[in-house]
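Working notes for the structure below.
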Amino acid sequence: MSNQKSFKLEELAKLTDSLVIGDPECVVDNLSTISSASESSITFLTNSKYSGNLKNSKACAVLVDEHYKEDKNFNYLKSKDPYLAYATLSKLFKEESNNTFPFVDKSAVISENSVISKNVYIGPHVYIGPNCVIEDNVTINANCSIVENVSISSNTTIHYGSVLGSDGFGFAPSKNGYVKIEQLGGLKIGKNVEIGANCSIDRGALDDTEIHDGVILDNLIHIAHNVVLGENSAIAASCAIAGSTKIGKNFQMGGLSGVLGHLEICDDVTVGAHTLITKNISKPGNYIGIMPAQDHKDWAKTATLIKKLDK
């Protein structure tokens, strides 16, 4: 079935642990959005605000939540977790990847002092410096730099242009300017980690920077030296975590957010978009510090009121 690109609805139901409402023999050959679906598409409705768009869709089947009130216009797959089912469908209809294992592009530069497992993918113009260890089933896409003292565990993917194990930002001020503190630690990346494009993760100053198993990072994220990021954490784009902060499991962070350095954050914390964490967090929960956009005059009034609260 791995090479099959068309499926009966009853097959998809089994693969996604869903219930068929309608014709189980209905055949679909692509996954599509509601508006661009064809007569052979399965589409998905995971956000109720798009439900009105269904009336004009050409899809033959729709993936919905188990409590959705279906009609006679479509065949349905009803799921307890439609977003997870959608993720499964996306894998079924994915085109075959050009990233075949094992593969090391001839343009890659790899230090003789590093250990690379046989079953890896290393794309064009990748640099792997000294004292690195790359385990099985690791994908390092084009133009990445694995600078030095980096270990990457199995089944991890590094997307295009990321830099891992670069120098941390450590300098001692003196009367003659700043004196660089050499970064003597490493960077440890766990299993089943996915690191987006153009991310930068520093190696440690003395101890290691640690990215634990199952972490997923979006694009354009910076993680400074000696950060510990707990397993199954997920961080959206354009976030930064300053040095020596320790973060527990299942941390979630919305885009454009930041965490100051030398903090401790417990397990199961969610940080909303555009929020700055400035203190330790010892209680699981949702934390947000965003102020919604306002007209400039209204914002000026709000800022004045906030200043008066301190008096």
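For the stretch 268-311, taking the residues that are among the charged types (D, E, K, R) and in the same structural domain as ILE221 (by TED's automatic domain parsing), the one that is nearest to the chain's Cα centre (by Cα) is identified as ASP268. Can you say whether SER107 is assigned by TED's automatic domain parsing to the domain that holds PRO130 and assigned to a loop (DSSP other than H, G, I, E, B), as far as the supplied structure shows? Yes, satisfied. Yes or no: SER48 free of Cβ contacts under 8 Å to residues at least 60 places away in the same chain and within 17 Å of SER90 (Cα to Cα)? Considered against the rule, which asks whether it is free of Cβ contacts under 8 Å to residues at least 60 places away in the same chain and within 17 Å of SER90 (Cα to Cα), SER48 comes out as no. Against the definition (out of contact with any Cys (no Cβ under 9 Å at 6 or more places or on another chain), buried (at least 16 other Cβ atoms within 10 Å of the Cβ) and in a loop (DSSP other than H, G, I, E, B)), how does ASN119 come out, yes or no? Judged against the criteria, ASN119 is not a match. Among residues of the stretch 52-67 that are over 9 Å from SER35 (Cα atoms), those with a Cβ under 6 angstrom from a residue that is of a type in the set (D, E, K, R), sequence gap 6+ or separate chain, pair up as CYS60/GLU39; VAL64/LYS78; GLU66/LYS78; GLU66/LYS80.
Restricting the search to strands (runs of 3 or more DSSP E) fully inside the stretch 133-235 and requiring at least 2 residues that are buried (at least 19 other Cβ atoms within 10 Å of the Cβ) gives 150-152, 163-166, 187-189, 200-202, 209-211. Being assigned by TED's automatic domain parsing to the domain that holds LEU84, more than 12 Å from PRO82 (Cβ to Cβ) and crowded, with 20+ Cβ neighbours inside 10 Å holds for only one residue in SER35, SER57, SER40, and it is SER57.
Answer with yes or no whether LYS78 is surrounded by 15 or more Cβ atoms within 10 Å (Cβ to Cβ) and either out of contact with any His (no Cβ under 6 Å at 6 or more places or on another chain) or farther than 30 Å from VAL138 by Cα (or both).
So LYS78 passes the test.
For the structure I just gave you, tell me whether GLY255 is closer than 17 Å to GLY289 by Cβ and either part of a loop (DSSP other than H, G, I, E, B) or β-branched (Val, Ile, Thr) (or both). Yes, satisfied. Has the stretch 81-89 got any residue that is within 17 Å of PRO24 (Cα to Cα), touching a residue at least 40 places away in the same chain (Cβ under 8 Å) and surrounded by fewer than 19 Cβ atoms within 10 Å (Cβ to Cβ)? Scanning the stretch 81-89 turns up no residue that is within 17 Å of PRO24 (Cα to Cα), touching a residue at least 40 places away in the same chain (Cβ under 8 Å) and surrounded by fewer than 19 Cβ atoms within 10 Å (Cβ to Cβ).
The values are calculated or read from the model by the stated rules, or taken from the named source; none is laboratory data. Remember, it's a predicted structure, so these values are computed and weren't measured experimentally. Using ideal geometry, Cβ is built from the backbone for each residue, glycine included, and neighbour counts are taken over all protein chains shown.
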